[in-house]
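Peer 1: Mind having a look at this structure? Questions to follow.
The values are calculated or read from the model by the stated rules, or taken from the named source; none is laboratory data. These numbers were taken from a predicted model, which means no experiment stands behind them. Methodologically, a virtual Cβ is constructed for each residue, glycine included, from the backbone with ideal geometry; neighbour enumeration extends over all protein chains shown.
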């Protein structure tokens, strides 16, 4: 198993997302944060499951996209 290390930017992004959602609902903000945190859990056992971050080009740095984009 590998350890998940969050970047400062990722933590800041999650905080900003939670703050934005909490303007309407603290409850749903908490649910979304939990969803985001759980989305990376599989990386602990399957570290190559996430996508290599294109701008880093380091196979040890992965990203997991959550939700719909576009």
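Peer 1: Taking the stretch 22-31 as the region of interest, how many residues are part of a loop (DSSP other than H, G, I, E, B) and either surrounded by 11 or more Cβ atoms within 10 Å (Cβ to Cβ) or touching a helix residue (DSSP H, G or I) at 6+ places or on another chain (Cβ under 7 Å) (or both)?
Peer 2: 1
Peer 1: A further question on this structure: Restricting to the stretch 37-65, and then to whatever is surrounded by 12 or more Cβ atoms within 10 Å (Cβ to Cβ) and touching a helix residue (DSSP H, G or I) at 6+ places or on another chain (Cβ under 9 Å), can you tell me which residue is modelled with the highest pLDDT?
Peer 2: Step by step, filter the stretch 37-65, then rank; the result is 37.
Peer 1: In addition: Please give the number of the condition residue 34 fails out of (1) assigned to a helix (DSSP H, G or I); (2) surrounded by 12 or more Cβ atoms within 10 Å (Cβ to Cβ); (3) free of Cβ contacts under 8 Å to residues at least 24 places away in the same chain.
Peer 2: Here residue 34 meets the rest and fails (2).
Peer 1: Can you list residue pairs whose Cβ atoms sit under 8 Å apart, with the first residue in the stretch 1-28 being at pLDDT below 90 and the second being part of a helix (DSSP H, G or I) and exposed (fewer than 11 other Cβ atoms within 10 Å of the Cβ)? Count only pairs 6 or more apart in sequence or on different chains.
Peer 2: 1/45
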